[in-house]
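No value in this document is a laboratory result; all are computed from the given coordinates. All figures in this text were calculated on a predicted structure; none of them were measured in a lab. Every residue, glycine as well, gets a Cβ built from its backbone with ideal geometry; the counts of neighbours run over all protein chains shown.
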Amino acid sequence: MKKVKSLFLALVLLFSLTGCYDADEPNDIVYVMALGVDRGAHAGEYTFTIQFARPTQISGGASEEGGPGGEEAFGIVTVNAPTIYSGINLANHIVSKRFTLAHMKLIVISEEVAKQGVLDMADTIARSSDIRPNIYLCVAKGEAKAYLEGIHPVMEVNPEKYYQLIFENEYSGFVPKNLSQDFYFYMTSEEKNSVLPLAAVEEGTEKEEKGGRETKGAGEETGSEDSGGSSSGQAESNGAGEEEIVRDIEINEQGFEYRVKEYIAGNMDVEKQNKSEVMGLAVFDGDKMIGELNAIESELFSIASGQFKYSYTNFYSQDSPDDPTTLRLEQNRKPRYKVDVSGDHPKIDLEVFLVGDFVSISPYIFLENDIQNYEQEITGYVQEALEKFLEATAQDLESDIVGFGSYAKRSFWTHQQFEAYDWLERYKDAEFHVEVRLKLRGTGLILRNEERIGE
């Protein structure tokens, strides 16, 4: 009996201590951080831009000072192939290690590809066991390759961390959060349209960025055609960088986000070292991009959909038309939705809950002394902005991006009845009623302002 027990124990230890047959040594693989997808030169072909990490540069290698970060922390490979994995397979013959998508954070799809349809890409992302379902997707205005080449993180050594912080930024409302699993689910859904963040390289700087990369190079292993570089190219880029770029950006004159420019990715007049930008959202009908919304509209989308956390928001004041009032606006409760499908067209009720604290007030007015009247005033501005935004989604975009269809579906006994109702088609004629409950709860460190200025 002891021999049997000993044999059984030996067999258990034998199989429990064995390693995985498909295990990979960390030194044998290279981690892809981001993947860009552009239309290829031939039909049925894509240009894939693979941005991969250089661990020795991120961690500092054998030194104790840490890595240099920036461009040196990653390399770029560009290949042409019909599918994602055929492109990865081709790239594996360019570098000395094998690419893995297990830790990829971002997939950037060019605007051209997005407008033609991304069904094949979405199917690969959803089907693959390597690609995580919580990676970020975005649409690049222009080329996806140009956006990835324009990434120069200022605060982060690791670009992967940069992507995480940028695309999970819930504290402005200007960039909607959307993961690959959500996009794939609603891409084929009959109750909601998908949206993705918009990304771009600052207009007028694409040539400058490419010139900068030519002088440093991405390494001989990247196989990039731009790794040679020339001094004349750098001089041209410096000359272009000295020219002041004037952008014609419309200024919002409505009460909500008063005097704030209607920014969108690629068209922001902000001086910065990192020329990449993420701002606004792309609207999809199925797997095809059909429109885009600017930063203010993206903020309204976040409020209506319940994704809004807080933001510093400008409001118009009747007492001081030339000086906006800034509030720290916060969504303290999720919105309430009610959808009536009993009539000829849907009737949608939206109730939004917000609280605000004064951050900046014109020194010539005294809103702290009359909070209730100003509370009613700005409540009307938010309500008006939301109503205009929702009407635009129904009449101009003809897309239910907020997701009212999920609540309309509850009025039907079966999914077949909901399909027969054809929600996305009827949404075009939807009637909206918005109620905003906004409470001003704080005036900062100034409780009451004495009317002494101008006396």
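Let me know the shape class of segment 361-455, please: from the alpha-carbon gyration tensor, a ≥ b ≥ c as square roots of the eigenvalues, rounded when a/c is under 1.5, otherwise prolate if a/b is greater than b/c, or oblate. Could the numbers behind the result be given before it?
Working: a/c = 5.27, a/b = 3.21, b/c = 1.64.
The shape class here is prolate.
Ordering Tyr258, Tyr427 from the fewest to the most neighbouring beta carbons within 10 Å gives Tyr258, Tyr427. Residues Ser6, Ser317, ranked from the fewest to the most other C-beta atoms within 10 Å, line up as Ser6, Ser317.
Can you give the extra length, in nm with one decimal, that the chain gains between Arg437 and Lys3 once fully stretched, where that is 0.36 nm per residue apart less the Cα-Cα distance?
Numbers: separation 434, 0.36 × 434 = 156.24 nm, distance 7.71 nm.
Extra length available between Arg437 and Lys3 comes to 148.5 nm.
Evaluated with a Cβ-only charge set (Lys, Arg +1; Asp, Glu -1), segment 130-205 carries a dipole of roughly 40 debye about its Cα centre, given to the nearest 20.
Computing FRET efficiency as 1/(1 + (r/R0)^6) for Asp269 and Leu119, where r is the C-beta to C-beta distance and R0 is 35 Å, gives about 0.45.
Just subtract the alpha-carbon distance of Asp248 and Arg336 from 0.36 nm times their residue separation and send over the number in nm, one decimal.
Contour length minus the Cα-Cα distance gives 27.9 nm.
With a Förster radius of 35 Å, plug the Cβ-Cβ distance of Arg328 and Asp429 into 1/(1 + (r/R0)^6) and report the FRET value to the nearest 0.05. Plugging the Cβ-Cβ distance into 1/(1 + (r/R0)^6) gives 0.40.
Assuming charge only on the beta carbon of Lys and Arg (+1) and of Asp and Glu (-1), the dipole of segment 323-400 about its Cα centre is about 320 debye to the nearest 20.
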